[in-house]
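One structure is given below, encoded as structure tokens.
The values are calculated or read from the model by the stated rules, or taken from the named source; none is laboratory data. As the structure is a prediction and not an experimental result, all values here were calculated from the model. Note that each Cβ is placed from the backbone with ideal geometry, even for glycine, and that neighbours are counted across all protein chains shown. The accessibility values were calculated without ligands, DNA or RNA, using every heavy atom of the protein model including side chains. Shrake-Rupley method; radii C 1.70, N 1.55, O 1.52, S 1.80 Å.
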Protein chains: 2
Amino acid sequence: MDPAELLIGLAIIWLAAKVAGEAMERLGQTAVLGELLAGVVIGPGVLGLVHESEALHALAELGVIILLFEVGLESDLGDLLKSGPQSTLVAIVGVAVPLLLGFVVMRALDQPPLVAVFVGATLTATSVGITARVLADLGRLQDAAAKVVLGAAIIDDVLGLIILAVVTGVVQTGSVSLGGVTVIAGKAALFLIGAIALGIRLAPPLVRAVGRLKARGTLIVYSVVAAVVLAAAAHAIGLAAIIGAFAAGLILTRTERRHHVSEQIKPVADLLVPIFFVAIGMKVEPAALNPFAPDTQLTVIIVLTAAAILSKLATGLAVYQRGVHRWPVGVGMMPRGEVGLIFAGVGLATGVVTAGLYSALVVTVMLTTFAAPPWLKALYRRSGTRLTG
Amino acid sequence: MDPAELLIGLAIIWLAAKVAGEAMERLGQTAVLGELLAGVVIGPGVLGLVHESEALHALAELGVIILLFEVGLESDLGDLLKSGPQSTLVAIVGVAVPLLLGFVVMRALDQPPLVAVFVGATLTATSVGITARVLADLGRLQDAAAKVVLGAAIIDDVLGLIILAVVTGVVQTGSVSLGGVTVIAGKAALFLIGAIALGIRLAPPLVRAVGRLKARGTLIVYSVVAAVVLAAAAHAIGLAAIIGAFAAGLILTRTERRHHVSEQIKPVADLLVPIFFVAIGMKVEPAALNPFAPDTQLTVIIVLTAAAILSKLATGLAVYQRGVHRWPVGVGMMPRGEVGLIFAGVGLATGVVTAGLYSALVVTVMLTTFAAPPWLKALYRRSGTRLTG
């Protein structure tokens with residue numbers, strides 16, 4: 001690739017993200033909504049100013065890793081564990097209801113059972129990236145509801161992983177082994193518990209040792225290495241890489257240098273995180289929304305989107321803790337984001353999902369992703385501080 | 001590419017860079033020498049832990065752009081202009097002597113005239129990245145000699161561009177037009193003068209306008225956009241991209257928010273800059289240095305390296321300003337770095353240079369690149385503050 005192409009692409013992405021983000025903030029919305037819309041406009045679907053490339057993809061990937069690392073740094077492990085049972089219940093409802101509702105509506109549309117199961121599985125995804133970013137933009141990461149949603153989104157990733165394994169297992173071999181499912185669940189649990197337990201013991205002395213080094217920039221580089229290594233480890237066992245990055249943030253927030261790390265990761269996040277959200281926006285194909293296209297999937301899109309929204313709002317009903325509000329939990333679980341796109345992509349690759357249905361799934365994922373930021377913002381604005389419980 | 005591959009590659013690069021950089025600093029050397037050596041060790045030539053990819057290449061490219069942007073932020077345009085005539089003379093000597101000496105030694109080794117001209121042209125390159133980084137590591141960017149070298153390296157890039165155009169013109173058409181040479185020189189001068197003159201007028205009100213925006217991270221994103229846009233513009237007219245980034249730094253250092261920009265670019269540079277130097281180290285093929293290999297180029301390497309070192313040391317003799325020491329100028333002009341590699345690559349691509357001679361050129365470029373950091377360090381250590389003039 002021509003080096004200038006990447007530089008110009010980055011300049012367009014940053015400018016569009018900043019201008020649209022600023023405009024959205026002035027309109028009372030969150031900056032992330034502006035970044036997503038900026039991606040739609042500059043992407044191949046509309047203006048075609050910037051095209052996907054391996055380099056952009058890598059920067060976007062680093063961006064979401066840094067985002068979740070930063071969210072981890074601002075989270076407290078004790079709080080997350082305290083809302084553990086509540087988060088687990090929200091996650092279970094957030095997987096079971098979308099799976100069921102997706103299956104039912106697809107069967108009602110005369111789709112074969114296997115396709116209906118796969119669509120249901122896609123609707124179980126939760127993009128912790130979008131919700132975490134919106135809550136960070138609103139300054140609400142310390143809310144009781146935010147902690148429940150973050151915890152639930154992470155558990156949801158583990159559950160989604162199991163469901164994906166089951167569904168692709170059924171697709172490829174016609175059956176599924178209970179042993180395989182147990183192994184996946186065990187690996188995921190072992191990783192999270194092991195990494196965090198070990199990290200909390202090892203990190204403080206390591207951070208002190210790094211503090212004695214002379215070279216410039218040592219703390220920030222070793223911190224990002226921790227995020228990247230845990231992200232790669234999470235990916236290696238089949239989890240989303242961002243979960244490892246979140247774990248690294250949780251670990252480092254327990255060390256004496258957490259304020260330095262937070263301070264220094266900020267400009268890095270300011271540069272890399274918007275690339276991720278713009279890149280998500282770039283994946284939108286507005287043509288799929290055209291109701292006059294010959295192969296329009298509009299009915300499927302409307303039905304799927306309704307199912308996607310309602311089934312995740314149902315997670316609000318799973319809230320039993322006092323002081324945790326139902327609506328932010330339900331809406332916070334709603335965006336499917338990049339996780340939903342990955343599910344839909346697996347469906348297309350394995351041949352379960354047709355190209356037309358794939359487009360419909362992508363549009364559904366996008367609609368839930370774009371609807372969550374303004375909705376969450378409206379919830380918090382309407383009720384002021386009452387929602388912080 | 002597998003996302004985990006990039007993450008693991010980055011973790012290895014950062015760890016190796018930090019460990020080797022720290023070790024070199026403890027041995028009284030500069031961190032950049034450690035990063036170059038780390039690249040050799042983890043690269044394909046020795047351990048083969050990390051391989052080149054488009055994503056790594058992009059991150060390295062961003063790294064050197066951020067480095068030169070940072071150096072520009074720490075430089076003063078007035079000082080650079082003050083040493084302008086001195087820098088120009090150093091640059092002319094630093095191009096003429098290597099070209100001549102390279103030609104003479106290659107003719108003495110019975111190479112055809114065209115090959116001898118091309119090798120001479122390769123020896124004219126100066127890597128401002130290496131020298132700027134060493135001076136920054138040593139805290140000597142404000143030295144009189146540093147300003148002469150930085151200015152000379154930038155003028156050298158323009159001269160090198162002209163020479164490359166002439167040499168490839170001769171190779172491809174057998175002739176060279178004076179008009180073409182004038183156009184290249186004019187474009188380069190126009191870009192530098194135009195960008196800086198315009199930037200100095202426009203930047204202060206723009207920075208004030210950015211200061212009124214609400215979204216997080218606005219200042220750092222717009223600053224990096226300025227660096228990236230000027231880098232792409234420099235590249236578009238045929239200059240090295242880093243010259244545009246340097247100009248952006250020079251411009252922004254004249255605004256009221258320069259300290260904020262400096263402060264926020266630091267962690268970004270800490271992460272990205274080592275990737276560039278490790279990537280340069282990764283290009284070394286130690287096998288080319290083996291004197292027992294059947295097609296050994298050892299004689300050529302020794303002769304070329306001696307010519308490369310002596311011809312750039314000659315720039316020290318071009319120093320006439322009082323308070324500017326000759327040795328740091330001569331040694332500072334020595335590293336060919338990535339610029340020399342680009343020249344050699346053009347020679348290989350146009351068929352002027354054989355594969356064997358190309359390897360010899362690469363090794364020569366590397367030897368001058370690796371010798372400069374410890375040599376500069378030794379110069380500054382031996383004479384203490386006396387060299388700062």
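Once both labels are positioned 7 Å from their Cα atoms along Cα-to-Cβ, the gap between A:THR354 and B:ALA4 label points is 3.6 nm.
Residues considered: A:GLY102, A:GLY78, A:GLY345. Largest GNM mean-square fluctuation over chain A, using C-alpha springs under 10 Å, is found at A:GLY78.
Interface residues of segment A:258-286, defined as those losing at least 50 Å² of solvent-accessible heavy-atom surface relative to the isolated chain (probe radius 1.4 Å), are listed as A:PRO267, A:ASP270, A:LEU271.
Summary of the geometry: segment B:1-58 and segment A:337-365, compared by the centres of their Cα atoms, lie 38 Å apart.
Here the protein assembly as shown exposes an accessible surface that is 67 percent carbon and sulfur, computed with a 1.4 Å probe and the other protein chains kept in place. Computed over segment A:264-376, the P(r) curve from all C-alpha pair distances, binned at 5 Å from the origin, holds 2, 11, 17, 19, 18, 14, 10, 6, 3, 1, 0 percent per bin.
Hey, got the average number of other protein chain Cβ atoms within 10 angstrom for residues in B:47-58?
Taking all residues of B:47-58 together, the mean is 3.
At 7 Å along Cα-to-Cβ for each site, give me the label-to-label distance between A:SER53 and B:LEU47 in nm. About 3.0 nm separates the two model spin labels. Accessible area per residue was computed with a 1.4 Å probe on protein heavy atoms; A:TYR222 scores about 50 Å².
Compute the FRET efficiency between A:ASP76 and B:LEU198 as 1/(1 + (r/R0)^6), taking r as their Cβ-Cβ distance and R0 = 60 Å, and round to the nearest 0.05.
Taking R0 as 60 Å, the efficiency between A:ASP76 and B:LEU198 is 0.75.
Considering only alpha-carbon pairs that sit under 8 angstrom and 6 or more positions apart, the relative contact order computed for segment B:1-107 is 17 percent.
Annotation for A:ARG326 and A:LEU206: the two label points, set 7 Å from Cα along the Cα-Cβ direction, are 4.3 nm apart. In this structure A:ILE237 has an accessible area near 50 Å², from a 1.4 Å probe over the protein heavy atoms.
Remark: segment A:180-187, residue by residue, has Karplus-estimated 3J(HN,Hα) of x, 4, 4, 4, 4, 4, x, 4 Hz, where x stands for each Gly or Pro and the curve is 6.51 cos²θ - 1.76 cosθ + 1.60 at θ = phi - 60°. A Cβ-based charge dipole, computed about the Cα centre of chain A with Lys and Arg at +1 and Asp and Glu at -1, lands at about 1340 debye. Using all pairs of distinct alpha-carbon atoms, the Kirkwood hydrodynamic radius of segment A:27-114 works out to 17.5 angstrom. In the context of the full set of protein chains, chain B has a per residue accessible area of 39 Å² (1.4 Å probe).
Coupling constants for segment B:31-36 follow from the phi torsions by the Karplus curve (6.51 cos²θ - 1.76 cosθ + 1.60, θ = phi - 60°), and in residue order they are 4, 5, 4, x, 5, 4 Hz; glycine and proline get x. Bridging of B:LYS18 to lysines at a Cα separation below 29 Å is possible for A:LYS214, A:LYS266, B:LYS147, B:LYS266, B:LYS283, B:LYS377, once same-chain residues fewer than 8 apart are set aside.
Sequentially through segment B:79-93, phi angles give Karplus couplings (6.51, -1.76, 1.60; θ = phi - 60°) of 4, 4, 5, 4, 8, x, x, 4, 4, 4, 5, 4, 5, 5, 4 Hz, Gly and Pro residues having no value and appearing as x.
For segment B:102-159, the spherically averaged projection of the C-alpha convex hull amounts to 4.7 nm². Each of B:ARG212, B:ARG382, B:ARG336, B:ARG322 has its accessible area taken with a 1.4 Å probe; listed largest first, they run B:ARG322, B:ARG382, B:ARG212, B:ARG336. The A-B contact accounts for roughly 4500 square angstrom of buried accessible surface, both chains included, probe 1.4 angstrom.
The C-alpha atoms of the protein assembly as shown occupy a region whose extents along the principal axes are 85, 49, 48 Å, arranged from largest to smallest. Only DSSP H runs of four or more residues enter the estimate; each adds -39500 (n - 2.57), and after division by the residues of chain A the mean residue ellipticity at 222 nm equals -25500 deg cm²/dmol. Inter-copy label distances at B:ILE193, using a point 7 Å along Cα-to-Cβ, come to 7.2 nm with the shortest given first. Proximity of backbone amide H atoms, modeled 1.01 Å from N, is registered between A:SER127 and A:ARG336, A:GLY337 at under 5 Å, excluding neighbours fewer than 5 places apart on the same chain.
Taking every alpha-carbon pair under 8 Å whose residues sit at least 6 apart, segment A:230-389 reaches a relative contact order of 20 percent. A viscosity of 1.306 mPa s and a temperature of 10 °C, combined with the Kirkwood radius over C-alpha pairs in the Stokes-Einstein formula, give segment B:68-191 a diffusion coefficient of 101 µm²/s. Using the Cβ-Cβ distance between A:ILE237 and B:ALA236 with R0 = 60 Å, the FRET efficiency computed as 1/(1 + (r/R0)^6) comes to roughly 0.85. One chain, two ends: A:LEU213 and A:LEU100. Fully extended at 0.36 nm per residue, the span grows by 35.2 nm beyond their Cα-Cα distance.
Just the Kirkwood number for segment B:155-237, please: inverse of mean 1/r across all distinct Cα pairs, in Å, one decimal.
Final number for the Kirkwood radius of segment B:155-237 is 15.2 Å.
Near A:HIS325, the amide H atoms lying under 5 Å from its own belong to A:ALA145; only residues 5 or more places off or on other chains count, and H is placed 1.01 Å from N. Each other copy holds its own label point for A:VAL46; taking that point as 7 Å from Cα along Cα to Cβ, the gaps run 5.0 nm, nearest first.
Seen from all directions on average, chain B presents a Cα convex hull projection of 19.9 nm².
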